[in-house]
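> Handing you a structure now.
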Amino acid sequence: GSSLEPEERSMEPPAVPEEEEEKEEEGAVPLSMAPGPVGCQLFGYVGIEAVLDQMKIKTMKTGFEFNIMVVGQSGLGKSTMVNTLFKSKVSRKSSQPGQEERIPKTVQLQSITHVIEEKGVKMKLTVTDTPGFGDQINNENCWDPIIKYINEQYERYLREEILITRKRKIPDTRVHGCVYFVPPTGHWLRPLDLEFMRRLSKIVNVVPVIAKADTLTLEERAEFKQRIQENLKTHAISVYPQEDFDQDPEDRALNDRIREKIPFAVVGADQEHQVNGKRVLGRKTKWGIIEVENPAHCEFPLLRDLLIRSHLQDLKDITHNVHYESYRVRRLNESNQLG
């Protein structure tokens with residue numbers, strides 16, 4: 001039978017073997033507490049690097065999703081810019097060719113989804129356009145439909161995520177990046193631009209660009225860019241890539257170089273021209289051809305590299321880990337309070 005009386009415990013420390021006593025005297029760390037080596041030297045080939053090939057094969061089979069939103073006044077070349085980015089007709093166009101598309105009087109968001117394939121990699125691309133934004137005399141609260149749309153996509157993802165039996169792969173319609181087109185006025189940012197970016201930068205990755213930059217001289221462009229940077233700093237607007245989310249010194253150095261160039265002065269074109277025997281995307285003028293992919297002509301290559309070639313996965317990660325996470329926490333707190 002077990003006794004309910006407390007066991008008699010000795011106040012003396014447990015006996016330590018002589019060998020361990022000698023190690024402790026020498027200042028050696030016990031084996032169980034010794035930190036492991038940072039990089040363990042292998043005696044032969046294990047094949048750990050094959051994980052990268054496995055991930056690549058899996059991604060090529062399943063494909064991935066990328067959702068981008070373009071915001072700006074009519075006539076700033078939003079549709080053309082998206083077509084230039086993905087080198088295909090992916091933006092909205094008039095339903096009847098040869099006729100001008102009627103711009104809605106209110107901000108009605110229109111999303112178009114395409115599956116783009118390049119070298120065996122499939123990408124489900126969704127482009128969300130915002131016709132009517134900033135076109136009215138009174139633009140009060142014109143950002144509300146955009147904020148509502150972005151939050152609706154977070155809500156849709158959250159509803160799928162909290163199901164008891166949820167899908168193996170939840171469809172991702174969340175906006176990963178919002179490209180904001182600033183009119184090439186050459187002055188300061190308008191109150192509308194500042195208010196929009198202030199509100200939207202809290203819930204989505206905002207990348208500002210100077211639209212139709214070929215209407216400015218190089219001096220005007222540099223001065224306008226500096227003024228915009230000052231505006232953003234004065235109003236504490238954090239656009240992508242945000243300083244708070246830099247992972248390591250290498251990322252910080254790369255993102256610092258990008259932040260110096262933001263907003264990118266871009267020119268869009270979806271027509272090809274012949275230049276020195278090569279076909280290039282560009283805009284033909286009386287005095288020559290503006291090559292959109294030539295860094296000497298405009299900063300479109302920097303925008304393309306940021307959105308697709310270097311930071312696409314980072315845009316998705318920050319959307320999931322920061323913006324969606326803050327929305328999820330807020331919604332769950334609200335439901336707990338209601339409960």
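The values are calculated or read from the model by the stated rules, or taken from the named source; none is laboratory data. Note that this is a predicted model, so its numbers are computed, not measured. Cβ placement follows ideal geometry from the backbone for every residue including glycine, while neighbour counts extend to all protein chains displayed. Heavy atoms of the whole protein, side chains included, go into the accessibility calculation; ligands, DNA and RNA do not. Shrake-Rupley method; radii C 1.70, N 1.55, O 1.52, S 1.80 Å.
> What number of residues in the range 260-291 are outside any loop (DSSP other than H, G, I, E, B) and surrounded by 15 or more Cβ atoms within 10 Å (Cβ to Cβ)?
So the count comes out to 10.
> Across the range 322-339, what is the total count of residues that are of a type in the set (Ser, Thr, Tyr) and more than 24 Å from Phe245 (Cα to Cα)?
So the count comes out to 1.
Rundown of residues vs (1) modelled with pLDDT of 95 or more; (2) open to solvent by 60 Å² or more (accessible area, probe 1.4 Å); (3) under 21 Å from Ile68 (Cα atoms), yes/no style:
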site: Gly186; (1), (2), (3): no, no, no
site: Pro191; (1), (2), (3): no, yes, no
site: Val206; (1), (2), (3): yes, no, yes
site: Thr217; (1), (2), (3): no, yes, no
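> A further question on this structure: Looking only at the range 158-169, decide whether some residue is of a type in the set (S, T, N, Q) and in contact with a helix residue (DSSP H, G or I) (Cβ under 9 Å, 6 or more places away or on another chain).
Within the range 158-169 (the criterion being of a type in the set (S, T, N, Q) and in contact with a helix residue (DSSP H, G or I) (Cβ under 9 Å, 6 or more places away or on another chain)), the answer is no, since none of the residues qualifies.
> If the requirement is being open to solvent by less than 70 Å² (accessible area, probe 1.4 Å), at pLDDT 85 or above and either under 22 Å from the mean Cα position of the chain (by Cα) or closer than 27 Å to Leu192 by Cβ (or both), which of these qualifies: Thr59, Thr113, Thr80?
Thr80
> Please specify each residue of the range 119-135 satisfying the condition of being under 24 Å from Gly77 (Cβ atoms) and in a strand (DSSP E or B).
Correct list: Met123, Leu125, Thr126, Val127, Thr128, Asp129.
> Quick one: in the range 147-170, which of the residues that are touching a residue at least 12 places away in the same chain (Cβ under 8 Å) and assigned to a loop (DSSP other than H, G, I, E, B) is surrounded by the most Cβ atoms within 10 Å (Cβ to Cβ)?
Only one residue tops the list, namely Ile170.
> Here's something else I'd like to know. Pairs needed: first member in the range 312-339, in contact (Cβ under 8 Å) with a residue 12 or more places away in the chain; second member anywhere, part of a helix (DSSP H, G or I); C-beta distance under 7 Å; at least 6 residues apart or different chains.
Ile318/Phe245; Val322/Phe245; Tyr324/Tyr154; Tyr324/Tyr157; Tyr327/Asn151; Tyr327/Tyr154; Arg328/Leu158; Arg331/Leu158
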